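All remarks here apply to the structure that follows.
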């Protein structure tokens, strides 16, 4: 564990210096955790003047007394999905950068020649992706809650968050998702010598998240606690498989003889 | 210190090394020579437990590499073919990071970092990013990294590659001095002069071992010894006379110079010399030449190709 922590500490220092990693995170936070929720909630009244919006609310929720409250509740279901952006994006930025930089600098062989175990190397690299993801996602969660509560209070005089759905997404679904994406990024990075292509993992895995937003907007599906728990369980089942594959790929011999390295 | 028995390693259908065996004693410098693709890097990787052999056995300090990888990595230092440094952190931090994986106390680690950075003239630039270092400086930094935990065994893959002559000389002197500290050195090199000046024994490999011997044994081998004769006049005038002497394997002339390959110089040299003097030849000098490692190496590799 000590060796994994040494790797983690060194990697974090490098990440802090790497604006290609933290700049997209900052931009996403500004857009999805501040600008969009503010815009959606504060701008919800004019939307209700649109007949199509009212028809949509009636179709999805039936006849309601307070359409604005229902609309904001619906917006919150979309914003809930935004909570998954960080767990999907951050590890897919960090893990490939960390592994492919080792390949670019030819530092893996001397590192593997030390008494370090490959399991410690994998753990160190995984923690480098997972811990910042958890911290950033939690900060993002807090920012989003503050922004939503303040704007909802201004609009409706009540603070809807946090609720059970949001807590499940932030502290159950997000960590599971970030673990899977970290392992997937590790696997893809072993076969890639290009950071950008390896970072595409996050973009691929994020597609189903867009699909959920699309289905919700089409009125075909609405996230609730049951769906979230089922989703978390399904992803949890995937975890041991990706972990096993990553461990297999992170074998000393595999790294030196089968990984694709820079020429 | 190191025992290699019947080692074979293949990569898919390609055999990298086949059935190689050798022993290396404590504090011996063992030169490992071979052309590109001969299996040098594969062997050094197996010795450093980075990859496993398909068959055969390596024992280092009495322990099998298959079951004691961590112990072996703790007592060996590896200089890889490519220096490989974290470019965005300082030279000092690079050494600190790598050395932190070895079981050495902090004060000794810090002392060693300072010792080797000073020894290789890098101390003044210890806080500079490794990425700003020249190729030669990186190589010296990589050598420092291999030494930082004071290994009993040093595995060196081309230690002077990319170094300027002065630095290369300094590194060679340093490798030579390791003998006093009882460090065993496995030296992979293309530089035959380096191998001949440093190695106690050399191993010539081309997938299989071609020869293991000391330089003297190689020079005294069955390849014949060479004698160079420089005349005041044209050497061709004397070739017939020289050829009449027994034990002459070959004779080549170039202007006033004759190069002889003699099987038994102890017997033949006095006879040739007497015949030449008696015939009135004006000899500027008569010199027995020992074959260089390069010549022996090239001959052995050529012979191997011809098989």
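Throughout, read-outs are computed from the coordinates displayed, never taken from laboratory work. Just so we're clear, the structure is a prediction, and the values are computed from it rather than from any experiment. Neighbour counts run over all protein chains shown; Cβ positions are idealised from the backbone, glycine included.
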Quick one: among B:75, B:284, B:89, which has the greatest mean-square fluctuation in a GNM of chain B with alpha-carbon springs under 10 angstrom?
B:284
Binned at 10 Å starting from 0, the alpha-carbon pair-distance distribution of the protein assembly as shown in whole percents comes out as 3, 14, 19, 17, 13, 11, 9, 6, 4, 2, 2, 1, 0, 0
At q = 0.21, 0.25 Å⁻¹, work out log10 I(q)/I(0) for the stretch A:69-153 with the Debye formula, treating every Cα as an identical point scatterer and leaving solvent out; two decimals please.
-0.97, -1.17
Value of relative contact order over chain A, rounded to a whole percent, pairs C-alpha under 8 Å and six or more apart
28
In Å³ and rounded to a whole number, note down the convex hull volume per residue for the Cα atoms of the stretch A:8-98.
113
Find how many whole Å separate the alpha carbon centroid of the stretch A:221-247 from the alpha carbon centroid of the stretch B:111-185.
50
Over the Cα atoms of the stretch B:1-72, each weighted equally, I'd like the Debye log10 I(q)/I(0) at q = 0.22, 0.26, 0.27, 0.28 Å⁻¹, rounded to two decimals.
-0.99, -1.33, -1.40, -1.46
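Could you tell me what % of all Cα pairs in chain B have separations over 36 Å? The partial results should precede the final answer.
Values: 15616 of 46971 pairs.
Distances greater than 36 Å cover 33 percent of the Cα pairs.
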Rounded tilt (10° steps) of A:225-249 against the dominant C-alpha axis of chain A
10
Here FRET efficiency (C-beta to C-beta, residue B:25 to residue A:258, R₀ 41 Å, nearest 0.05) is 0.70
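Using alpha-carbon pairs under 8 Å, 6+ residues apart, how would you state the relative contact order of the stretch B:1-138 in percent? Please report the intermediate quantities before stating the final value.
Working: 165 pairs, mean separation 28.7, N = 138.
The normalised contact order for the stretch B:1-138 reaches 21 percent.
Against the globular-protein guess of 2.2 N^0.38 Å, express the Cα radius of gyration of chain A as a ratio, rounded to two decimals.
On the way: Rg = 21.0 Å, N = 263, 2.2 N^0.38 = 18.3 Å.
Expressed relative to 2.2 N^0.38 Å, the Cα Rg reads 1.15.
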Between residue B:57 and residue B:128, take the C-beta separation as r, use R0 = 41 Å, and let me know the FRET efficiency to the nearest 0.05.
0.40
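Expressed as a rounded percentage, what relative contact order does chain B have, with Cα pairs under 8 Å and six or more residues apart? If you can, show how the numbers build up before the last one.
On the way: 556 pairs, mean separation 58.3, N = 307.
Reported as a whole number, the value is 19 percent.
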What residue among B:268, B:197, B:100 shows peak mean-square fluctuation when chain B is described by a Gaussian network model with Cα springs under 10 Å?
B:268
Which of A:178, B:67, A:197 has the fewest other C-beta atoms within 10 Å, and how do the rest follow up to the most?
B:67, A:197, A:178
For chain B, the longest principal axis of the Cα atoms and the Cα long axis of helix B:165-177 enclose an angle in degrees, to the nearest 10, of 80
For each of B:82, A:35, count neighbouring Cβ atoms within 10 Å of the residue's Cβ, then give the residues from fewest to most.
A:35, B:82
Can you give me the C-alpha center-to-center distance between the stretch B:245-307 and the stretch A:144-205, rounded to a whole angstrom?
80
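Suppose R0 equals 22 Å. What FRET efficiency, 1/(1 + (r/R0)^6) with r the Cβ-Cβ distance, do residue A:60 and residue A:158 give to the nearest 0.05? Walk me through the numbers on the way to the answer.
On the way: r = 21 Å, r/R0 = 0.96.
Here the calculated transfer efficiency is 0.55.
Among DSSP beta bridges whose residues both lie in the stretch B:117-261, state the antiparallel percentage, nearest 5.
On the way: 15 of 20 bridges.
Antiparallel bridges: around 75 percent, rounded to the nearest 5.
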Most fluctuating residue of B:63, B:257, B:152 in a GNM of chain B with Cα springs under 10 Å: which is it?
B:257
Give the angle, between 0 and 90 degrees and rounded to the nearest 10, that separates the Cα long axis of helix A:85-105 from the longest principal axis of the Cα atoms of chain A.
20
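What order do you get for B:190, B:149 when you list them from fewest to most C-beta neighbours inside 10 Å? Walk me through the intermediate numbers first.
Numbers: B:190 14, B:149 22.
Ordered from fewest to most neighbouring Cβ atoms within 10 Å, B:190, B:149 come out as B:190, B:149.
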